[in-house]
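Have a look at the structure below before the remarks.
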Amino acid sequence: MEHGKDGSAEIVVFGLLAKHTGKGIGGYALTLAVSTAWQAQIAADAEPRLTTKRIWLLTSSLDHPRALSNYLHRGFSVFHKEIRENVAGKILSTPKREVSL
C-alpha cells in the first residue's frame with residue numbers, strides 16, 4: 001500500500017494465486033486491506049498527520065474475471081477506463097480500470 005500526501009491510499013498489488021481463487025479468500029483479503037487503509041495515518045512532511053480520504057487501485061480485463069465484481073461489492077466504483085492498443089492495433093487490455101472508494 002502506498003499513501004499520498006493528499007490523503008489517498010493506493011493498493012498497489014492485490015491478488016491471489018490460482019489455487020486459492022473461488023474460496024472467498026479474495027473478498028476477505030480485500031476487506032482487510034481496505035480496513036487497514038482507512039485506519040492508517042499518513043505521515044506527511046508537516047504536522048498534523050493526514051487521515052485516509054480515498055482508497056484506489058488499478059485493475060484490468062487481464063485480471064481474474066471476478067476481480068472487478070469483488071471491488072464493486074466492497075464499495076469501490078469505476079473512476080476511469082481506458083483501452084490500450086499495441087502497434088498493430090490489437091487490443092492488449094480492455095479496459096484498464098481505476099476503481100476507488
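The values are calculated or read from the model by the stated rules, or taken from the named source; none is laboratory data. Since this is a predicted model, take the numbers as computed values, not measurements. In this analysis, Cβ positions are derived from the backbone assuming ideal geometry, glycine residues included, and neighbour counts consider all displayed protein chains. Surface areas here come from the heavy atoms of the whole protein model, side chains and all, with no ligands, DNA or RNA. Shrake-Rupley method; radii C 1.70, N 1.55, O 1.52, S 1.80 Å.
Note on region 21-31: among residues that are at pLDDT 90 or above and more than 13 Å from the chain's Cα centre (by Cα), the one that is least open to solvent (accessible area, probe 1.4 Å) is Ile25. Filtering region 46-59 for residues that are open to solvent by 60 Å² or more (accessible area, probe 1.4 Å), modelled with pLDDT under 75 and acidic (Asp, Glu) leaves a non-empty set.
How many residues are surrounded by 15 or more Cβ atoms within 10 Å (Cβ to Cβ), in a loop (DSSP other than H, G, I, E, B) and within 14 Å of the chain's Cα centre (by Cα) if we restrict to region 1-15? Residues in region 1-15 being surrounded by 15 or more Cβ atoms within 10 Å (Cβ to Cβ), in a loop (DSSP other than H, G, I, E, B) and within 14 Å of the chain's Cα centre (by Cα): 3 in total.
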